[in-house]
C-alpha cells in the first residue's frame, strides 16, 4: 500500500483547481476565470486499492500586493514543505513568463519531493504550442516527468494520476474509503457562494469579495437547512454592484449558489445572503483573521 501527499502549484489561473477536481473525480474547489480564485489549500483524496493520494490545490504563487497576497504565498510554501510529490502547472496556451520562472526557481530548491510538470489547457492549444511549452519547461527545471494534459477534456489526466500514485511512499491509508475532502462544510459552502458571486464581476471587484457562513442549521421537522452567509466587500461603492438594481444580482447569486450547495449537502436549503462593507480587509491582519485567512 502507498499513501502520501501531492501538491499542485503554479501562477494564478493556470488550471490547478480544474485539474484537482478532475483528478479527485468530483468538485472540491471553485473555478472562475479570475486570477486568485483559490484562497485556501484545499485537500482532495483519491482512493485506489493499492494507494491513497491526498492532493492539495494551492493558491497561485504571485508577486503580492496586499497582506492577503503574502499570506496566500505563505500557504503555498508551507504546503510545499510537507508533500511527497509536486506538480507544477504550466498552461500550454501562454508563453513562459517571469511568474513561471520565479516558481521554477522556488521549486528547484525543494528537497525530498518528486517533481512532475503538467502542461495544462492543451484543449486550447495547437500541437506545436504544446511541444514548445514542454521544451520550455524542461529548460527551466529538471523534473521526473513532463505530462501534457487537458483537465477539461480529460486527456492525459489518467497518466498524471498514475505517475502521482507511483511517486508515493509506502504507508497505510490516511483517510477512510469514500472520503473525498476533509474541508469543513461551512468552508465549502462559503466558497460555492463566492464562486457564484464571481460570475460576471469585472476588473478588481472579484479580489475584494470574501464570504463567510454565519449559520448553517437544519430546520426542525423539515429536510431544509437554513444558511445565513455574508458577502464582504472593501468599499461602500462596491456594495450596490453586488446587490444589483432592485437586488437582482444578489438574487441571481443565491440562485446559482443554491444548486451547488444543495448538491454538496444532499439537502434542500434556504439561503439568506447579506452584503456588508469591511474596509480594506485585504491589508488588515485582524480583518483577515476574522475572514479565516
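Every read-out reported here was derived from the displayed coordinates using simple, explicitly stated rules and does not represent laboratory data. Keep in mind that this is a model prediction, so the values were computed, not measured. As a convention, Cβ positions derive from the backbone with ideal geometry for all residues, glycine included, and neighbour counts pool all protein chains shown.
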Review point. What is the residue count in segment 201-225 for residues that are in contact (Cβ under 8 Å) with a residue 24 or more places away in the chain and within 26 Å of the chain's Cα centre (by Cα)?
Key: 11
Exercise for review: Select from segment 266-293 the residues that are in contact (Cβ under 8 Å) with a residue 24 or more places away in the chain, in contact with a helix residue (DSSP H, G or I) (Cβ under 7 Å, 6 or more places away or on another chain) and surrounded by 16 or more Cβ atoms within 10 Å (Cβ to Cβ) and list them in ascending order.
Suggested key: 269, 271, 273, 275, 278, 281, 282, 288, 291, 293
Review point. In segment 201-227, what residues are more than 19 Å from residue 185 (Cβ to Cβ), touching a helix residue (DSSP H, G or I) at 6+ places or on another chain (Cβ under 8 Å) and not in a helix (DSSP H, G or I)?
Key: 201, 209
Practice item. State the number of residues belonging to segment 228-249 that are surrounded by 18 or more Cβ atoms within 10 Å (Cβ to Cβ) and either assigned to a helix (DSSP H, G or I) or more than 23 Å from the chain's Cα centre (by Cα) (or both). Key: 4
